[in-house]
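The values are calculated or read from the model by the stated rules, or taken from the named source; none is laboratory data. These figures come from a predicted structure and were not determined experimentally. Note that each Cβ is placed from the backbone with ideal geometry, even for glycine, and that neighbours are counted across all protein chains shown. These area figures cover heavy atoms from the full protein model, side chains too; ligands, DNA and RNA do not enter into them. Shrake-Rupley method; radii C 1.70, N 1.55, O 1.52, S 1.80 Å.
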Amino acid sequence: MSEMSVMKALNLAMFEEMASDEKVICIGEDLGKQGGCWGTFTGLQDKFGINRVLEFPILEAGYTLFSVGAALGGYRPIVEYMFADFVTLGFEGIVDIAAKIHFNSGGVDSCPVTFVLPQGGGGKSGAHHSQSVEAWFANVPGLKIVAPTTPADIRAYYRAAIRDDDPTLFIYQRATMGLTGEVPDVLDEVPSLAKAGKVVKTGADLTIVAYHRALVNVMAAAAIVEEETGKTIEIIDPRVLIPFDKECVFDSVKKTGRLMVAHEAPERGGFGAQIVSWVVENCMNELEAAPVRVAGVNSIIPFGDLEKYLYPSVEDMKAGILKALI
Amino acid sequence: MNFSNEELLEMYSDIVKSRVLGEKIVEYIYSGKIAGAIHPCLGQEAVSAGILTAFKKSDIKTFGTETHRAQTVMAHRVGWKPFIAELLGRTGGCNDGISGEYHIHDLKNGQLPAAGALGGTWAEISGFAWALKNDGKKRQIGFAPYGDGAISQGATYEAMNIAALFQLPVLFFIENNGIAMSTPVEKQSPLENLADRAAAFNMQGVTVDGDDPVAVAEAVLNGMELAANNEPNVVEVKTMRWEGHYVGDPQKYRDLSYKNDLDSICPVIRFEKRLKALGILDDETIKAVREAQTKEIVDGFDEGLVQNVATKEQVLDYSRVYSNNAGGEL
């Protein structure tokens, strides 16, 4: 085990996958001497060369589509967008082309591209550099969405995303890039994207499903509420949103009878609404109270410190938990 | 570049095949046998014939898409019967009639996936061409065609930039038929020749007469050779669309007086005159070629029409959507 940050875990996962499969390539901006905008590609081009770590001009639409062509040519591209917001320019390549490759080829060809999206708040960067995009893609059949939080999960599920044969969005949060944790020196087995839900904390009175910084804030809030109320709270990190590990959540809700979901993306049309729907459809008899959502405000993200008014804080999480426990 | 008499006659056969296919597509759409928006190639047959001639003559293998009016080239790639069956939405199609001719995809035959929103496949094909080059595959290139309308999309500029920057084996081909749906080319671009855009990326761009299959074939062959030497380039061919954007389009947006004398602008008749002057084509052969091509196409349609349409289970088959069991239910 070694203690490392999310940033280091991202870098490690790419080193491991590029070493294990020579068809894995990296595509994005500033991937050369800069090592990527966030430093996550540090050392990769020195180690694997310019033909495996391709530094592109600023053309997200072009390199998204390029990656699909390279995948059809037998490669497994990792494609980074500097900010997840910039994926708007790559939307056609992901949603219209990559997601449909397998279907339109009659199940013959696959499109093993991993689209890497550093998203969300924390950078105080305002409206065009702080959005959370998972729900934009959750409505598109053919795509998978991987969204781990801890360094160990980032390392394992990044590798799983790269190995998956289907187009996969790997979404992590910039605000938690500095989050540290224990990471195994060797990953014995790269996990499947199926059944990825993880109970990170057991409890009896409420189930909370949360990911990214919302998960970090929920953990803090839950500890406070447990201390104050004597209730115990079960917290689930789904780690993968598509395919979603429903059973993991259902099993927990059937035990606790209550559900809260939390994420930073705006509440309206957010992925949390989907989780609530699944639970209501399948666990109605066990639910003792209406599920609660704690999510981003349905508004535009302002610049600087003002962003704190948009994203759910520890206090907001605490209020949500208390509401869910009523 | 010289073409033998046999090559010229095959070129003639291909231009007639394109004409007959266009006519049959119109006929079958009106009789309700073909569903969806299919864009017939009438008026633009020399383009398909020229491309096909180049593909057959060269030892360079191409991977690419086609413009939506170059169905004869699509059919050449994926096979006539699978093509027609896909066009008809029947199970003998290259994807069981489920993707449709518009989304035809058959990588083993060099057919890369097309895109509904135009512009993007130039970049997609550039990515495929990068893979060819990186794998050291000689004499294999990406063939990236679009019409005059699509190449106003930003993605085509990004693709040309990428291809030029990485020196990729890709030929960008512009089938300029003078009109994008209803908008004439002079309202789309300030350039007289769209191939001039290549200069912005330090690439060669040439413009030739797209109603002359020999000129098209020569330009494509030259472009393919350059591409095979990792010199991406642009070939533009200028032609004219006879039909509306879709079959049945009343075309209120343009002067239709050209329809009064189609023979004077017909690329098939023009090529017939040229081959007759060369002494390698006579009226008897013209009749025979037309009959043979009509038979092949009609037989293909007849064969396709008796095939089944895909079942609900085939369409909603999980394994068509995801490559492995980690996809979530449909």
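Just subtract the alpha-carbon distance of B:Gln314 and B:Glu225 from 0.36 nm times their residue separation and send over the number in nm, one decimal.
Answer, rounded to one decimal: 27.8 nm.
Beyond 19 Å, what share of the Cα-Cα pairs of region B:235-324 is found? Please give it as a whole percent.
Result: 70 percent of Cα pairs exceed 19 Å.
Can you compute the equivalent ellipsoid semi-axes for region A:6-91, i.e. the square root of 5 times each eigenvalue of the Cα gyration tensor, sorted largest first and rounded to whole Å?
Gyration-tensor ellipsoid for region A:6-91: 19, 16, 11 Å.
Could you go through region A:105-114 in sequence order and give the Karplus-derived ³J(HN,Hα) for each residue, using 6.51 cos²θ - 1.76 cosθ + 1.60 with θ = phi - 60°, rounded to whole Hz, and x for Gly and Pro?
Those phi angles translate into 8, x, x, 8, 9, 10, 10, x, 9, 10 Hz.
State, to one decimal in nm², a quarter of the convex hull surface area for the C-alpha atoms of the protein assembly as shown, i.e. the direction-averaged projected area.
The directionally averaged projection comes out at 31.5 nm².
Over all directions, what mean area does the Cα convex hull of region B:91-142 project, stated in square nanometres?
4.0 nm²
I'd like the per residue volume of the convex hull spanned by the Cα atoms of region A:2-183, given in cubic angstrom.
Dividing the Cα hull volume of region A:2-183 by its residues yields 101 Å³.
I'd like the antiparallel share, as a percent to the nearest 5, of DSSP beta bridges with both residues in the protein assembly as shown.
Within the protein assembly as shown, antiparallel bridges account for around 20 percent of the total.
State which helices in chain A qualify, where a helix is a whole DSSP H run, it must extend 20 Å or more along its own axis by its Cα atoms, and its mean Kyte-Doolittle hydropathy must be at least -1.0.
A:6-20, A:213-229
Provide the per-residue ³J(HN,Hα) series for region B:237-242, in order, calculated from phi with Karplus coefficients 6.51, -1.76, 1.60 and θ = phi - 60°, each as a whole number of Hz, with x at glycine and proline positions.
Using θ = phi - 60°, the values come out as 10, 9, 9, 9, 7, 8 Hz.
What's log10 of I(q)/I(0) for region A:155-213 at q = 0.13 Å⁻¹, Debye sum over Cα points only, no solvent?
The Debye formula, applied to the Cα set alone, gives -0.47.
Tell me, which longest segment in chain B has none of the GluC sites (Glu not before Pro) that fall in DSSP loops with at most 14 further Cβ atoms within 10 Å?
The segment B:1-191 is the longest one with no such site.
If we restrict to alpha carbons, what Rg and Dmax does region B:41-139 come to, in Å?
Final numbers for Rg and Dmax: 13.7, 40 Å.
Ignoring ligands, DNA and RNA and using a 1.4 Å probe, state the total buried accessible area between A and B in Å², rounded to the nearest 100.
3300 Å²
Would you mind estimating how fast region A:198-325 diffuses translationally, via Stokes-Einstein at 20 °C and 1.002 mPa s with the Kirkwood radius over Cα pairs, in µm²/s?
Reported coefficient: 148 µm²/s.
With a cut-off of 8 Å between alpha carbons and a minimum separation of six or more residues, what is the relative contact order of chain B in percent?
22 percent
Among all helices in chain B defined by DSSP H, which have a length of 30 Å or more along the axis from Cα atoms plus a Kyte-Doolittle mean of at least -1.0?
B:5-30, B:283-305
Of all the accessible heavy-atom surface of region A:70-117, with the other protein chains kept in place and a 1.4 Å probe, what percent is carbon and sulfur?
With neighbouring chains kept in place, the figure for region A:70-117 is 62 percent.
Each residue of region A:124-139 in turn: what ³J(HN,Hα) in whole Hz from Karplus with 6.51, -1.76, 1.60 and θ = phi - 60°, glycine and Pro shown as x?
Calculated HN-Hα couplings, in order: 6, 9, x, 4, 9, 9, 8, 7, 10, 10, 4, 6, 4, 9, 5, 8 Hz.
How shielded is B:101-110 by partner chains, expressed as the average number of their Cβ atoms within 10 Å of its Cβ atoms?
3
Using a probe of 1.4 angstrom, how much of the accessible area of chain B is carbon and sulfur, in percent?
It is 50 percent, rounded to a whole number.
Near A:Lys308, which lysines are there with a Cα under 24 Å away, not counting those fewer than 8 places off in the same chain?
Straight-line reach from A:Lys308, under 24 Å: A:Lys124, A:Lys318, A:Lys323.
Looking at region B:242-317, which trypsin sites (Lys or Arg not before Pro) are DSSP coil and have at most 14 other C-beta atoms within 10 Å of their C-beta?
Answer in residue order: B:Lys252, B:Arg254.
Given H placed on each backbone N at 1.01 Å, which residues far from A:Lys124 in sequence or on other chains put an amide H within less than 5 Å of it?
none
Find me the longest stretch of chain A that has none of the exposed GluC sites (Glu not before Pro), where exposed means in a DSSP loop (not H, G, I, E or B) with at most 14 other Cβ atoms within 10 Å.
In short, A:23-188.
A:Phe56's amide H: which non-local residues (gap 5+, or another chain) put their own amide H closer than 5 Å, with H modeled 1.01 Å from N in plane and none for Pro or chain starts?
Those qualifying (amide H under 5 Å, at least 5 residues apart or on another chain) are A:Gly28, A:Glu29, A:Asp30, A:Leu31.
Can you give me the accessible area per residue for region A:48-162, using a 1.4 Å probe, in Å²?
24 Å²
For region A:187-247, state which trypsin sites (Lys or Arg not before Pro) are in a DSSP loop and have at most 16 other beta carbons lying within 10 Å of their beta carbon.
The qualifying sites are A:Lys195.
Over chain A, what is the relative contact order in whole percent, taking alpha-carbon pairs under 8 Å and six or more residues apart?
Value for chain A: 16 percent.
What residues does region B:151-166 have that are buried by at least 10 Å² of accessible area in the full protein assembly compared to the chain on its own, 1.4 angstrom probe?
B:Ala155, B:Glu158, B:Asn161, B:Ile162, B:Leu165, B:Phe166
So for chain A, Kirkwood radius off the Cα pairs, Stokes-Einstein at 20 °C and 1.002 mPa s: how many µm² s⁻¹?
107 µm²/s
What is the set of long-range amide H partners of A:Val209 at a cut-off below 5 Å, with H atoms built 1.01 Å from backbone N?
The list, which skips near neighbours in sequence, is A:Ile236, A:Met260, A:Val261, A:Ala262.
Percent of Cα-Cα pairs per 10 Å bin, from 0 to the last occupied bin, for region B:5-321, please list those.
Result, from short to long distances: 6, 27, 35, 25, 7, 0 percent.
Quick one: accessible area per residue over region B:5-321, 1.4 Å probe, rounded to a whole number of Å²?
On a per-residue basis, 39 Å².
For region A:255-326, what is the Kirkwood estimate of the hydrodynamic radius, computed as the reciprocal of the mean inverse distance between distinct Cα atoms, to one decimal in Å?
Final number for the Kirkwood radius of region A:255-326 is 13.0 Å.
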